[in-house]
1. (1) of a type outside the set (A, V, I, L, M, F, W, C); (2) at pLDDT below 95; (3) open to solvent by 10 Å² or more (accessible area, probe 1.4 Å): which one isn't true of residue A:161, the others all being true?
2. Among the residues of segment A:183-202, count how many are under 22 Å from residue A:294 (Cα atoms) and either in contact (Cβ under 8 Å) with a residue 40 or more places away in the chain or within 14 Å of another protein chain (Cβ to nearest Cβ) (or both).
3. Would you call residue B:134 touching a helix residue (DSSP H, G or I) at 6+ places or on another chain (Cβ under 8 Å) and in contact (Cβ under 8 Å) with a residue 40 or more places away in the chain?
4. Which of the residues belonging to segment A:70-79 are farther than 14 Å from residue A:35 by Cβ and either open to solvent by less than 80 Å² (accessible area, probe 1.4 Å) or not assigned by TED's automatic domain parsing to the domain that holds residue A:31 (or both)?
5. Which one of these does residue B:65 not meet: (1) under 22 Å from the mean Cα position of the chain (by Cα); (2) buried (at least 21 other Cβ atoms within 10 Å of the Cβ)?
6. If I filter segment A:283-302 for residues that are assigned to a helix (DSSP H, G or I), away from chain B (no Cβ under 13 Å) and under 30 Å from residue A:356 (Cα atoms), do I get at least one hit?
7. So, in segment A:257-276, how many residues would count as being out of contact with any strand residue (DSSP E or B) (no Cβ under 9 Å at 6 or more places or on another chain) and either surrounded by fewer than 15 Cβ atoms within 10 Å (Cβ to Cβ) or facing chain B (nearest Cβ under 7 Å) (or both)?
8. Could you grab me the full set of residues in segment A:1-44 that are in a strand (DSSP E or B) and either open to solvent by 30 Å² or more (accessible area, probe 1.4 Å) or on the phi > 0 side of the Ramachandran plot (or both)?
There are 2 protein chains.
Amino acid sequence: MKKIAILGSTGSIGSNCLEVIDTHPERYRVVALGAGKNLDLLEKQVRRFRPKSAALLDQPLAEELRRRLDKAWGTEVFAGTEGFVRLSQMEEADTVISAMTGAAGLIPTFAAVRAGKNVALANKEVIVMAGALVMAEARERGVSIIPIDSEHSAILQCLQGHPREDVRRVILTASGGPLQGSTEEQLKSVTPEQALKHPNWDMGRKVTIDSATLMNKGLETIEAKWLFDLRVDQISILIHPQSIVHSMVEYKDGSVIAQLGIPDMLTPISYALSYPRHVETFLPALRLAEVGTLSFREPDYKKFRCLDLARAAAETGESMPAALNGANEVAVELFLKREIGFLQIPDLIEKTMTAHTPRRVDSIETVQEVDAWARKKARSFV
Amino acid sequence: MKKIAILGSTGSIGSNCLEVIDTHPERYRVVALGAGKNLDLLEKQVRRFRPKSAALLDQPLAEELRRRLDKAWGTEVFAGTEGFVRLSQMEEADTVISAMTGAAGLIPTFAAVRAGKNVALANKEVIVMAGALVMAEARERGVSIIPIDSEHSAILQCLQGHPREDVRRVILTASGGPLQGSTEEQLKSVTPEQALKHPNWDMGRKVTIDSATLMNKGLETIEAKWLFDLRVDQISILIHPQSIVHSMVEYKDGSVIAQLGIPDMLTPISYALSYPRHVETFLPALRLAEVGTLSFREPDYKKFRCLDLARAAAETGESMPAALNGANEVAVELFLKREIGFLQIPDLIEKTMTAHTPRRVDSIETVQEVDAWARKKARSFV
């Protein structure tokens with residue numbers, strides 16, 4: 001029986017996690033649920049799964065949840081980042097699902113690793129910002145960081161049973177998002193509504209915009225570097241519009257191992273929880289004869305500049321990926337608020353990176369400082 | 001250092017094996033080479049690799065090889081099936097590559113397993129005819145049977161590191177051969193030259209015809225059943241004309257692991273020799289962006305009847321696959337000699353199967369008897 005704390009339980013990944021858990025009550029038990037602001041859904045989840053603890057980032061909403069739950073109910077409710085850290089460290093949990101969005105997941109996820117919990121990680125920004133720190137801590141505590149991202153779940157699966165020293169490179173596939181066919185001119189005037197129309201995946205807003213700019217693949221490059229101990233030049237990107245091949249690993253003999261599946265997050269979530277087992281998900285099977293064709297092409301690095309920016313940040317290392325990530329979060333937010341255009345997203349990030357002097361990432365505080373600096377800096381360019 | 005005996009060294013697989021071995025003299029040494037009738041090429045190979053032993057199936061040719069090699073050369077030369085068995089059992093070999101064509105490989109391959117040698121198997125007929133016997137013997141002696149077939153090599157790679165009990169099914173891909181687009185009417189008058197034009201793979205004549213009739217996938221279904229301990233209903237076939245995805249394994253969570261590569265036998269041969277390592281082959285890397293599209297469709301079971309015949313034989317079990325295989329070898333031979341048409345191949349096999357009363361396969365002698373009976377029977381229908 002795996003005892004699970006979910007940080008970010010009301011989001012897209014969190015809800016899917018609960019669906020997987022619900023399918024196998026004999027394997028999984030929910031011990032804690034944490035959400036940002038979605039009080040109503042969290043309340044429903046708490047009533048359904050009856051966890052020992054719950055938390056909301058927002059203090060007044062946490063108090064409201066406490067009021068709504070009968071005293072006899074027995075779920076303790078915490079608030080704020082400290083509340084999330086309480087969930088991360090609670091004795092009853094052996095696995096923490098890190099499914100918050102953006103930089104907010106950093107502190108609670110790091111706390112989970114420090115507390116010796118295995119982490120199922122959907123919140124890639126944590127590794128992007130503080131990869132060196134988190135991975136070193138995980139090694140020291142002997143805990144696993146299992147990716148929930150479909151691409152990194154694919155890579156993890158493709159690495160099973162094959163010697164690491166025989167890996168030549170990994171190939172991250174990208175659907176390309178909704179804007180692949182657009183001209184430079186069209187990209188200039190893209191609206192948030194257009195950018196949010198992802199062809200294959202149903203995801204949160206931040207991730208969907210990252211997918212449209214291809215920054216998602218940039219962040220995934222940095223994530224893959226840390227999770228699988230790769231050099232940046234061992235990580236390639238391939239546009240694959242059907243999102244059936246979720247990623248691949250090429251070995252030294254020319255053999256390529258790929259992981260395929262219907263584009264549904266339940267599979268990587270289920271694998272992260274049951275790793276290294278494959279447990280029944282009751283999803284429809286992939287029918288390749290019905291899919292018909294799978295296509296592949298190189299990404300357009302000139303039109304989608306975020307890719308090269310992320311690659312450069314990964315190669316510079318130190319605090320540069322944290323600066324890139326902070327600037328990207330601000331840029332996406334400003335784009336969604338219609339304060340900047342689609343092509344200004346990479347511009348803001350590039351300017352922030354140019355202004356940044358990389359620092360050694362020796363503590364979470366440094367990461368937070370760089371993040372705060374990058375956000376402020378990015379805003380200053382508008 | 002792996003010490004290798006190659007049975008069938010002058011064929012397509014054998015020559016490729018020698019190329020792999022030649023690339024890594026620090027890993028592999030040739031201790032024996034055996035060929036059917038190609039005296040000149042075998043002599044060249046013997047002079048190049050200086051094995052301890054060599055053999056030719058043909059007695060007079062073996063004597064000629066003995067004459068040609070200087071006495072001081074030091075390679076002992078054997079003849080006939082007994083000669084091949086000598087190579088299989090020689091103390092100096094730890095791995096035997098079974099790369100003969102058709103039923104001829106049965107006795108020497110079984111002898112190798114009995115002698116406790118690991119077997120790299122290209123000669124799928126051995127498993128088709130005597131799967132139960134060979135696998136039981138391999139388990140008892142603790143030896144590995146590693147497939148060289150690209151499809152089974154793919155499956156082996158896709159099974160690494162994933163629990164066997166989590167496998168839902170395997171999917172064998174088929175290029176479909178050169179006749180996929182043909183109408184029933186066109187198939188009737190197909191010539192051996194047309195059937196021998198394989199679009200992707202450069203293989204021996206027997207295998208190429210099997211690929212055109214899809215019997216190859218039928219034999220591979222039986223092979224997969226034995227090698228990976230599967231039920232017949234766990235084995236599917238998918239037509240994939242580009243021959244880039246070499247086969248796949250679907251797991252219970254819906255995740256599909258596939259092995260891809262350029263269609264070159266060097267990769268599966270290399271993997272069979274270096275298993276479970278992936279050793280540099282110096283082959284050009286697979287460039288999916290250049291390939292562009294991969295396509296998949298269901299096979300046409302009505303036009304290519306060999307598939308269902310093989311499936312039925314696998315389900316009947318006992319000696320039925322040996323009868324199917326014997327009849328197929330005769331039918332292919334007769335087709336190549338223009339004595340029967342392309343569509344008579346399944347007819348001959350079906351008639352032979354209908355006439356066959358399955359026997360328990362309790363010895364190699366039984367297999368040989370059924371094989372001889374099936375060959376005679378199949379001929380009798382012409």
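1. Status for residue A:161: all satisfied but (2).
2. Counting residues in segment A:183-202 that are under 22 Å from residue A:294 (Cα atoms) and either in contact (Cβ under 8 Å) with a residue 40 or more places away in the chain or within 14 Å of another protein chain (Cβ to nearest Cβ) (or both) gives 4.
3. When the stated conditions are applied, residue B:134 passes them.
4. Selection gives A:73, A:74, A:76.
5. Checking residue B:65 against (1) under 22 Å from the mean Cα position of the chain (by Cα); (2) buried (at least 21 other Cβ atoms within 10 Å of the Cβ), the one that fails is (1).
6. No, that holds for no residue.
7. Adding up the residues that qualify gives 3.
8. Selection gives A:2, A:3, A:29.
The values are calculated or read from the model by the stated rules, or taken from the named source; none is laboratory data. Here the structure is a predicted model, which is why all the values come from computation and not from measurement. Ideal geometry is used to build each Cβ from the backbone, glycine not excepted, and the neighbour counts take in all protein chains shown. SASA here: full protein model, heavy atoms, side chains in, ligands and nucleic acids out. Shrake-Rupley method; radii C 1.70, N 1.55, O 1.52, S 1.80 Å.
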